[in-house]
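**Student:** Please read through the structure below; I'll follow up with questions.
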């Protein structure tokens, strides 16, 4: 059995793959599986001709999105100890990749691990010291964000590197024998109600509810161009998916036994968000109601709401 399957979703990203695959193809004891969500023949030709060892797959449904796409990669991939979920626009650091593998090898109780992502100035082919993500943090109001994003990394977060709620879906390792605990089967990492955006927060919530251990290492795992969210204002697609998925996230994971403070702050946050969209993007509000029409998959819970509370910032 190989050590690690590296799962990548491709979407019209030939320029990225030309930069990233030479690094990934040299990683030891690994198998790369690429799902082509765009059914791009130019990308297929490049990968199959230059990297025949890579499994290049497609789905008859076309674009599966992010969560369902990675679940499909797991389904179609060979057995391995670990699954490495990796964005197509990340230039990986091989040494930190190996440190993450070693960390999992030495600590059997850890289900997920990752490390720092810095910004990749792809247009100028330049690695930077600007933080892309040091993990996901969230507060009592259930507002979540990437820790440290946009700040220069001078080690200011290193002493508290594990004070996070979860890990960005852009790059993380998960132990494959932990996957069945999430949804009851061996191939589903993400809730497939999420087409794109916030599925990584839902995943973190599911893991935290079951007291599954998540570790974050103070090394640079890679450089991320982050092809989405470069604009200050979200596109219509981003806003629609993000708003609907946030409601689904709450339906999946919010507890009626949370403290009054968490309930109150979450209600106020959602109340003002609703009224903000009422005036700025009124058409978006239908997604609030659409989110309640979806059959949800509630998270399994083995810890108390009081213990879960410690993962949220006041």
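**Student:** Where both residues lie in the range 2-224, what percent of DSSP beta bridges are antiparallel, nearest 5?
**Tutor:** Within the range 2-224, antiparallel bridges account for around 45 percent of the total.
**Student:** Turning to a different aspect of this structure: Find how much the distance from residue 185 to residue 124 grows on full extension, using 0.36 nm per residue of separation minus their present alpha carbon separation; answer in nm with one decimal.
**Tutor:** Extra length available between residue 185 and residue 124 comes to 17.7 nm.
**Student:** Here's a follow-up. What is the packing order of peptides 212-220, 112-120, taking the mean over residues of other C-beta atoms within 10 Å and listing the highest first?
**Tutor:** Answer by packing, highest mean first, reads 112-120, 212-220.
**Student:** Specify the angular offset, from 0 to 90 degrees and rounded to the nearest 10, of the alpha carbon long axis of helix 199-209 from the longest principal axis of the alpha carbons in the chain.
**Tutor:** 70
**Student:** In degrees, nearest 10, range 0 to 90: what is the angle between the Cα axis of helix 14-24 and the longest Cα principal axis of the chain?
**Tutor:** It is inclined by approximately 70 degrees.
**Student:** In deg cm²/dmol, rounded to 500, what helix-only [θ] at 222 nm does the chain give when every DSSP H run of at least 4 residues adds -39500 (n - 2.57) and the total is split over its residues?
**Tutor:** -10500 deg cm²/dmol
**Student:** Sticking with this one: Could you check the simple spin-label distance between residue 269 and residue 177, using points 7 Å along Cα→Cβ, in nm with one decimal?
**Tutor:** In this crude spin-label approximation the distance works out to 3.6 nm.
**Student:** Let me ask you something else. Give me the base-10 log of I(q)/I(0) for the range 34-139 at each q in 0.18, 0.21, 0.22 Å⁻¹, Debye formula, one uniform scatterer per Cα, rounded to two decimals.
**Tutor:** Values, matching the q order: -1.22, -1.36, -1.36.
**Student:** How much length is gained on full extension from residue 238 to residue 219, taking 0.36 nm per residue of separation minus their Cα-Cα distance?
**Tutor:** Full-extension gain reported as 3.8 nm.
**Student:** Further, regarding this structure: Restricting things to alpha carbons, find the Rg to Rh ratio for the range 169-314 using the Kirkwood radius for Rh.
**Tutor:** Ratio value, two decimals: 0.97.
**Student:** Out of every Cα-Cα pair in the range 1-90, what percent are more than 17 Å apart?
**Tutor:** Of all Cα-Cα pairs in the range 1-90, 42 percent lie more than 17 Å apart.
**Student:** Using a basic spin-label model with each label point 7 Å from the Cα along Cα→Cβ, how many nm lie between residue 260 and residue 75?
**Tutor:** Between residue 260 and residue 75, the simple spin-label model gives 4.7 nm.
**Student:** Kindly state, as a whole number, the per residue volume in cubic angstrom of the convex hull around the alpha carbon atoms of the chain.
**Tutor:** Hull volume over Cα atoms, normalised by residue count, gives 138 Å³.
**Student:** Please report, largest first and rounded to whole Å, the three semi-axes of the ellipsoid equivalent to the range 236-302, where each semi-axis is the square root of five times an eigenvalue of the C-alpha gyration tensor.
**Tutor:** Taking √(5λ) for each eigenvalue gives 23, 16, 8 Å, largest first.
**Student:** Does anyone have the angle between helix 67-76 and the longest principal axis of the chain? Alpha-carbon axes, 0 to 90°, nearest 10?
**Tutor:** Roughly 40 degrees between the two axes.
**Student:** Report Rg (one decimal) and Dmax (nearest whole number) for the range 80-210, counting Cα atoms only, units Å.
**Tutor:** Rg, Dmax (Cα atoms, Å): 15.0, 44.
Read-outs: derived from the displayed coordinates by stated rules, not from any lab. The structure displayed is predicted, hence computed values, not measured ones. Virtual Cβ from ideal backbone geometry, glycine too; neighbours counted across all protein chains shown.
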